[in-house]
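Right, one structure below, let's go through it.
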Amino acid sequence: MTRVVDDAPGARLDTRAAAVAVAGLFAVNGMLLGGYGGSLPALRAKLGLDSTAIAILLFLAGLAAILTMQVGGRLADRYGARPVALLGLPVIIAGCLVVGFAPVYGLAIAGAIMIGLGNGAMDVAMNAAGVQVEQARRRPIMSRFHAFFSIGNFVGAGLILVISGVFGLGGGAVVLPLMITMAVIAVATLWPLIRLTPRATPVHHTVDGVRTKVPVVAWLLGLMAIGYGLAEGTAVDWASIHVTDVARVDPAVGAIGLIAVSAFMTLIRLLGDQLVLRFGRRAVVRFGGICAAAGYLIVITTTPLPLLVLGWALVGFGVGMIAPQVYAVAGHLGGGRVLALVVTFGYATFLMGPAVTGFLVRQLGVQHAMILPGVLCLVIIALAVVLPKTDDGINPRQES
């Protein structure tokens with residue numbers, strides 16, 4: 001069972017300060033990943049890549065993330081989430097710079113792998129910290145943490161349009177200034193995050209000296225994570241390319257697809273905690289699956305730019321409701337161990353799933369490739385039955 005977060009040995013957590021710090025981790029992580037995802041059309045143009053090359057790049061980054069999710073989850077249980085999250089961030093920053101300066105495909109792959117390595121560890125750790133803060137508060141807050149990730153995504157993707165407009169850059173020329181700008185912003189946040197991020201006591205999984213088993217429901221939550229991981233990952237990594245190719249616009253304009261995803265994902269996550277209090281996690285997740293499936297239907301069947309943006313906005317609005325609730329339930333049911341398992345399913349698919357989409361793009365075209373994530377949104381609706389209707393009994397009693 002997860003123990004209460006401590007701000008210092010023997011001291012009770014200042015939940016407000018801890019929430020601000022964890023939100024900062026989510027925000028800077030989201031900015032780096034949003035800018036990286038939004039830059040893929042420009043990187044493709046810069047290095048003369050095709051869809052298969054992009055898919056391979058994403059696939060290798062995903063493999064790297066899977067590795068560090070497993071290691072990071074164990075380290076977060078043993079030493080607390082704080083050091084794991086703070087060590088992962090500089091690795092992501094360095095990876096973005098390598099991608100930005102890469103003159104050839106091989107170096108771009110190296111940078112993407114570094115981004116995956118850093119993000120795998122940071123992601124599981126910051127989610128573990130978020131669940132512990134929610135436990136200490138005894139009120140939902142995970143949606144707001146994920147909202148800050150989405151805000152970061154929005155900023156990262158928006159920087160592409162800002163840099164393109166201010167400096168008059170198009171195509172692949174925007175990649176390097178974008179990565180340098182994001183690196184400078186992220187480095188500036190390091191010291192405040194080091195100072196403010198709370199310590200967390202280690203997570204133990206024993207009762208009377210006997211190690212407890214992973215609950216069966218954790219594996220069903222993992223199946224849900226696969227569904228929304230592919231749906232959200234495809235939106236983040238392929239929305240820009242999809243809009244660019246289907247609407248036949250410049251890559252800088254195509255970034256509007258990711259901006260729409262991020263903006264509406266942010267909106268619903270800012271409202272999500274109140275919706276959970278009123279309707280329960282199960283109803284919120286089911287409604288999110290319906291919205292996301294409708295959005296994918298639009299991007300599969302239409303071509304005008306305004307309709308494509310509407311479709312991606314619906315996808316963002318829908319998937320934005322799902323991950324915070326599934327992660328919160330996982331963390332409350334089994335602490336960091338179950339959370340790590342579900343995060344691995346979700347973010348491994350989030351990172352590697354778009355690579356699968358990339359292979360489908362080559363075989364079916366970018367529009368028809370969106371059928372798979374759309375279908376998985378329907379699967380999420382069915383699996384939501386494993387979630388509790390209300391939070392009664394979800395927050396375990398805090399241990400001292």
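With N as its number of residues, segment 82-143 has a Cα radius of gyration that, divided by 2.2 N^0.38 Å, comes to 1.44.
The Cα atoms of segment 131-193 define a convex hull whose projected area, averaged across directions, is 5.5 nm².
Using packing as a proxy for protection, rank 57-63, 326-332 so that the peptide with the highest average count of other Cβ atoms within 10 Å comes first. Before the final figure, lay out each step's value.
Numbers: 57-63: 22.4, 326-332: 27.3.
Peptide ranking by packing, descending: 326-332, 57-63.
Which of the helices in the chain, when you take each full DSSP H run, stretch at least 15 Å along the axis at their Cα atoms and have an average Kyte-Doolittle score of 0.0 or higher? Once both thresholds are applied, what remains is 15-38, 51-79, 81-101, 105-137, 142-167, 175-196, 216-246, 256-279, 281-301, 305-319, 322-364, 371-383.
When you filter the trypsin sites (Lys or Arg not before Pro) in segment 6-101 for DSSP loop state and at most 14 other Cβ atoms inside 10 Å of their Cβ, you are left with 12. Of the residues 313, 24, 363, the one whose Cα sits farthest towards the positive end of the charge dipole of the chain is 24 (charges of +1 on Lys and Arg Cβ, -1 on Asp and Glu Cβ, taken about the Cα centre).
At 1.4 Å probe size, with the rest of the protein present, what percent of the exposed accessible area of the chain is carbon and sulfur atoms?
Details: 10310 of 14930 Å².
Result for the chain: 69 percent of the exposed heavy-atom area is carbon or sulfur.
Taking max minus min of the alpha-carbon positions on each principal axis, segment 54-123 gives extents of 40, 19, 12 Å, largest first. The mean of 1/r over all distinct Cα pairs in segment 60-193, once inverted, gives the Kirkwood hydrodynamic radius of 15.9 Å.
Taking every pair of alpha-carbon atoms in the chain, give the share separated by more than 28 Å as a whole percent. Value for the chain: 40 percent of Cα pairs lie more than 28 Å apart.
Nearest 20 debye, what's the magnitude of the dipole of the chain about its Cα centre given +1 on Lys and Arg Cβ and -1 on Asp and Glu Cβ?
Details: 26 positive and 16 negative charges, 146 e Å.
Approximately 700 debye in magnitude.
Residues in the chain average 37 Å² of solvent-accessible surface per residue, probe 1.4 Å, ligands and nucleic acids excluded. Shape of segment 117-274 from its Cα gyration tensor (a ≥ b ≥ c, root eigenvalues): rounded if a/c is under 1.5, otherwise prolate when a/b > b/c, or oblate? Judged from the Cα gyration tensor, segment 117-274 comes out prolate (a/c at least 1.5, a/b above b/c).
Legend: P(r) of segment 313-366 from all alpha carbon pair distances, 10 Å bins from 0, whole percents, reading 23, 37, 29, 10, 1.
Rounded, prolate or oblate for segment 255-350? Axes are the square roots of the Cα gyration tensor eigenvalues, ordered a ≥ b ≥ c, and the cut-off for rounded is a/c under 1.5.
On the way: a/c = 2.47, a/b = 1.79, b/c = 1.38.
Because a/c hits 1.5 or more and a/b exceeds b/c, segment 255-350 counts as prolate.
Dipole magnitude for segment 210-269: about 420 debye, using +1 per Lys or Arg Cβ and -1 per Asp or Glu Cβ, origin at the Cα centre.
The values are calculated or read from the model by the stated rules, or taken from the named source; none is laboratory data. This is a predicted model, so every value here is computed, not measured. Positions of Cβ are backbone-derived with ideal geometry, glycine not excepted, and every protein chain shown enters the neighbour counts. These accessible areas exclude ligands, DNA and RNA; they are computed on the full protein's heavy atoms, side chains included. Shrake-Rupley method; radii C 1.70, N 1.55, O 1.52, S 1.80 Å.
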